[in-house]
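J.: Dropping a structure here in structure tokens format, bear with me for questions.
Throughout, read-outs are computed from the coordinates displayed, never taken from laboratory work. Model, not experiment: these values are computed from the prediction. Ideal geometry is used to build each Cβ from the backbone, glycine not excepted, and the neighbour counts take in all protein chains shown.
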Amino acid sequence: MANSSELQTSGPFETLADYERRSLAHVAGLPEQIDAPGLWRGIGFRVGDRHLVSSISEVNEILTLPALTVVPGTQGWMLGVANVRGNLVALVDLRNYIEAKRTVMTESTRVLVVRQHGGSVGLLVDEVLGQRSFSDEQRSGAIGEDDENYSRYIGEKVQLGGILWGLFSMTALVRTAEFQQASA
């Protein structure tokens, strides 16, 4: 910070330019934006009894369940479409798609909005559990997914806080031919 004698000798323009330079050097929230080497970050969520986490870069938005319009002639896991800020978003019951069991609606039920080719899709999940971070050390002890329904989307499961988290690939999900074919 400039001392008072420096401020007195400079003109008003120089003082304002100095304030601008210093304010730009201190960006709010900057420490959270820096990628820590060896740290993987994701959004944790629950589907049934499973704790899953997807990369922060794969989840665009988290919503409460919006008003739906049912689309006739679609799979049972396709809930319908919703207008989200002027954009039509297809809504899928993720548990019903993977396990053929409907998600029970509660106050915790949320929609994870994911981009896919041609637009966005909303995935209904039981609960969003917030941001989770895994170090390379934690991931080195990862185990594989043994449930064949989930193994297409979960490359590894990592222990954190006494919970086994499946690292769920939204990209793998939306690229699956069955997922892209919602018509019955």
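J.: For mean projected area of the Cα convex hull in nm², pick the label among (i) 13.1; (ii) 15.8; (iii) 10.5 that corresponds to the value derived from the coordinates.
T.: Matching the structure shown: (ii).
J.: What does the charge count near GLU156 come to, summing +1 for each Lys or Arg and -1 for each Asp or Glu among other residues with Cβ under 13 Å from its Cβ?
T.: Working: positive: ARG139, LYS157; negative: ASP136, GLU145, ASP146.
So the environment of GLU156 carries a net charge of -1.
J.: What's the local net charge at GLY144, with K and R +1, D and E -1, over the other residues with C-beta under 11 Å away?
T.: Working: positive: LYS157; negative: GLU145, ASP146, ASP147, GLU156.
Net of charged neighbours comes to -3.
J.: Label-point separation (nm) for VAL104 and GLN116, each offset 7 Å from Cα along Cα-to-Cβ?
T.: 2.7 nm
J.: Summing -39500 (n - 2.57) over the DSSP H runs of n ≥ 4 in the chain and dividing by its residue number, what mean residue ellipticity at 222 nm do you reach, to the nearest 500 deg cm²/dmol?
T.: Details: 8 runs with 49 residues, N = 184.
Value at 222 nm, helices only: -6000 deg cm²/dmol.
J.: Here is a further query. How far is helix 12-25 tilted off the main Cα axis of the chain, in degrees rounded to 10, range 0 to 90?
T.: The helix 12-25 is inclined about 30 degrees to the chain.
J.: Now a separate question. SER108: net charge of surrounding residues, Cβ under 9 Å, Lys/Arg +1, Asp/Glu -1, itself excluded?
T.: Working: positive: ARG46, ARG110; negative: GLU107, ASP126, GLU127.
Net charge in that neighbourhood comes out at -1.
J.: Pop a pseudo-label 7 angstrom from the Cα along the beta-carbon direction at both LEU88 and GLN181 and give the gap in nm to one decimal.
T.: 2.2 nm
J.: In nm, to one decimal, how far is the SER133 label point from the VAL70 one, both placed 7 Å along Cα→Cβ?
T.: 4.6 nm
J.: What are the ³J(HN,Hα) couplings of the stretch 174-180, residue after residue, when phi is run through the Karplus curve with 6.51, -1.76, 1.60 and θ = phi - 60°? Round to Hz, x for glycine and proline.
T.: With coefficients 6.51, -1.76 and 1.60, one gets 6, 8, 5, 4, 5, 5, 6 Hz.
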